[in-house]
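What follows is one structure encoded as C-alpha cells, with my remarks underneath.
The values are calculated or read from the model by the stated rules, or taken from the named source; none is laboratory data. From a predicted model like this one, the values you see are computed outputs, not experimental measurements. Here the Cβ positions follow ideal geometry from the backbone for every residue, glycine too, while neighbour counts run over all protein chains shown. Only protein heavy atoms, including side chains, enter the accessible area calculation; ligands, DNA and RNA are left aside. Shrake-Rupley method; radii C 1.70, N 1.55, O 1.52, S 1.80 Å.
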Amino acid sequence: MDFMPAIVAFCCENSAFRAADTAGAKQEGYPSNIKICRLPCSGKLEINYILRAFEEGADGVFIFACHPDSCKFLKGNVRAQKRVEHTGALLEKIGIKKERLRFFYLSELEWTKFLDLVQQGNESIKGLGPCPTKVKV
Amino acid sequence: MIIAEQKEISEIINMVGDHRKILVIGCDTCVTVCLSGGAKEVAILASALRLAFRVQGKQVEVNETTIERQCEIEFVDSLESMAKDKDLLISMGCGIGVQTIAERFFHLPVVPALNTKFLGLPEKQGVWVERCQACGQCVLDKTGGICPISRCSKSLLNGPCGGSQNGKCEINDEIDCAWHLIYERLKALNRLECLEEIMPVKDWSTSRDGGPRKMIREDMCL
Ligand code: SF4
Ligand code: SF4
C-alpha cells in the first residue's frame, strides 16, 4: 500500500485556517491526511507543539502564517518563522530531516494556494518516507 | 539573576549514555526567567530526547517535572517520589541546582543540561548581560552604581585604561567601556570628585581567591 503520511498543519485563524475552511467547503481535493490545528496567531506557535506533533506520529508538520507585514498582532508571523528555523535545526540534530517541517505564508483568500501547498508538501513528505521516530523499538 | 544557556542537544544525549529511565528537572526561578531551564524548556528538551532515542531505536523513558527552586533542599526534597525509580536525573537548573540535587540524591547520577554563564539581567528580550562577579566586597557606592569588576574587561578599579575609545572598550567595540559609563553617571550625579579618590589594591580574598566561600549568620541559625 502507498505510504500516506500523517501531517499536522498549524494554521493562523486569521488567514490559513479560513483558507483551509474555504478549501474544505469547495470539495476540490483537500487531502484527508492533513490535520489542522488552529492557532489564535502564528505567534502562538511553541517549539514544543512541533515536537509533540512528531511525538504523536506526524511525518510532517506545516506552519501557515499571515504574509509579512500582515499579522493582526504585528509580529506573530516573524516570531513563528524564527521558532520554525530554530526547531528545524534542532530536528536535524536529533536525526529528523528539517524538510519535514515547512513554513508557509498565506492569506485568508488564498484557498487554492493552500491546496497547492498542502498537496506539494504532501508529495515531498511522501518522498521522505515515514518519520524515523515511527520505527518500532 | 543567574544566567544560563542550554548545552548542545548532542552533548546532553551523550551524557545520557546507557541510562534508560530519566527525569528532566526544571527550575522555576532564574533559569525560567532567562528562558533556559523552566517548564517550557523542560518540555522541549524532554520531547527532543524522546524523539532522538526513538530515532536511535533505543527504549528510554523520559519524564519531566519542574520545581520552584533547585538551589534549596526543601524544594529538591519534593522530587523524591519521581526520582526514586530513575537511573539518571538531568537538571535544567544552574550549577547550584545540579549540585543541590546531587547532594540530596547521593546515589543517583545527575547531569547538567545547562552551562551556567554569569550573574546578570536581560538587556532586552533574548539578550542577557553580565553585571556582577560576586567579588564579596562591593564598590558600587564609589562607581556610580556601575560595576568595574564585571563590566570592565580588565576589572580595573581606577580606570579607564588607555584603550577606551568613544565610550567603547578596547577589547571589543561592541562592549561599553565601564569606566566611561562610570564617568558619565558620576557626572550626571554631580559626584565626579569620587574619581579623585584612588581605590587601593583590592583584597581578592573575599572573592574566589579565598577558596570556596561560606556565609554564616549566627542570628539566623537554629
Ligand atoms: S563590585 Fe563586586 S559585588 Fe559589587 S557588583 Fe561588582 S562584582 Fe558584584
Ligand atoms: S577600555 Fe574601559 S572597559 Fe575596556 S579594559 Fe579599558 S577601562 Fe576597562
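Using a/c under 1.5 as the rounded threshold, could you call the range B:2-118 rounded, prolate or oblate? The axes a ≥ b ≥ c are square roots of the C-alpha gyration tensor eigenvalues, and prolate needs a/b larger than b/c, oblate otherwise.
oblate
Kindly point out which whole DSSP H helices in chain A project their C-alpha atoms 27 angstrom or further along the helix axis while averaging a Kyte-Doolittle hydropathy of -1.0 or above.
Flagged H segments: there are none.
Per DSSP H run of n ≥ 4, the term is -39500 (n - 2.57); total these for the protein assembly as shown, divide by its residue number, and report the mean residue ellipticity at 222 nm rounded to 500 deg cm²/dmol.
Calculated at 222 nm, the ellipticity per residue is -9500 deg cm²/dmol.
Starting from the amide H of A:Leu101, placed 1.01 Å from N in the peptide plane, find each other amide H under 5 Å away whose residue is 5 or more places distant or on another chain.
Placed amide hydrogens put A:Val61 under 5 Å from A:Leu101.
Please identify the helices of chain B, taking whole runs of DSSP H, that span at least 27 Å along their own axis as judged from the Cα atoms and have a mean Kyte-Doolittle score of -0.5 or higher. Provide the component values of the computation, followed by the final result.
On the way: long enough: none.
In chain B, no H run is both long and hydrophobic enough.
Quick one: if you stick a label point 7 Å off each Cα along the C-beta vector at B:Gln59 and A:Val78, how many nm between them?
4.9 nm
Any chance you could list P(r) for chain B, counting all Cα-Cα pairs in 10 angstrom bins from zero, rounded to whole %?
Percent of pairs per bin, in order: 7, 26, 26, 20, 14, 6, 1.
What whole-number distance in Å separates the alpha-carbon centres of the range B:84-109 and the range B:173-222?
Going from one Cα centre to the other spans 34 Å.
Once the dipole of the range A:7-128 is set up with Lys and Arg at +1 and Asp and Glu at -1 on Cβ about the Cα centre, which of A:Val8, A:Thr22, A:Ile96 lies farthest towards its positive end?
A:Ile96
As a test of understanding, state the convex hull volume per residue of the range A:24-93 from its alpha carbons, in Å³.
113 Å³
Mark the label point 7 Å from the Cα of B:Met82 along Cα→Cβ and return the residues of the range A:24-68 whose backbone N is within less than 19 Å of it.
Residues A:48-49, A:52 qualify, since their backbone N sits under 19 Å from the label point.
Would you work out if the range B:98-222 is rounded, prolate or oblate? Take a ≥ b ≥ c from the square roots of the eigenvalues of the alpha-carbon gyration tensor; rounded if a/c is under 1.5, else prolate when a/b is larger than b/c, oblate otherwise.
Working: a/c = 2.49, a/b = 1.63, b/c = 1.53.
In terms of gyration-tensor shape, prolate.
Could you please state, rounded to a whole Å, how far the C-alpha centre of the range B:1-51 is from the C-alpha centre of the range A:64-137?
A separation of 25 Å, based on Cα centres.
What Rg and what Dmax come out for the range B:147-221 when only alpha-carbon atoms are used, in angstroms?
Cα-based Rg and Dmax for the range B:147-221 come out at 16.0, 51 Å.
Using a 1.4 Å probe over the heavy atoms of the protein chains, calculate the carbon and sulfur portion of the accessible area of the range B:2-118 as a whole percent. Intermediate values should be presented prior to the final figure.
On the way: 2620 of 5050 Å².
Here carbon and sulfur together make up 52 percent of the probe-accessible area.
Let's see if you can work this out: charge +1 on each Lys and Arg Cβ, -1 on each Asp and Glu Cβ, no other charges. What is the dipole magnitude of the range B:2-118 about its Cα centre, in debye to the nearest 20?
380 debye
May I ask for log10 I(q)/I(0) of chain A at q = 0.22 Å⁻¹, from a Debye sum over the Cα atoms as equal point scatterers with solvent left out?
Log10 of I(q)/I(0), two decimals: -1.36.
Return the value, in Å² to the nearest 100, of accessible area buried between chains A and B (probe 1.4 Å, both sides summed).
Separately minus together, A and B give about 1500 Å² buried.
Under 19 Å from a point 7 Å along the Cα-to-Cβ line of B:Arg213: which residues of the range B:111-130 have their amide N that close?
Hits in the range B:111-130 for B:Arg213 at 19 Å: B:116-121, B:130.
Run the simple label-point estimate for A:Ser124 and B:Gln125 please: 7 Å along Cα→C-beta, distance reported in nm.
With each label point 7 Å from Cα toward Cβ, the separation is 2.8 nm.
In the Gaussian network model of chain B, springs joining C-alpha atoms below 10 Å, which of B:Glu74, B:Glu174, B:Glu184 carries the largest mean-square fluctuation?
Of B:Glu74, B:Glu174, B:Glu184, the most mobile in the Gaussian network model is B:Glu174.
Can you tell me the Rg and Dmax of the protein assembly as shown, counting just the alpha carbons, in angstroms?
26.1, 85
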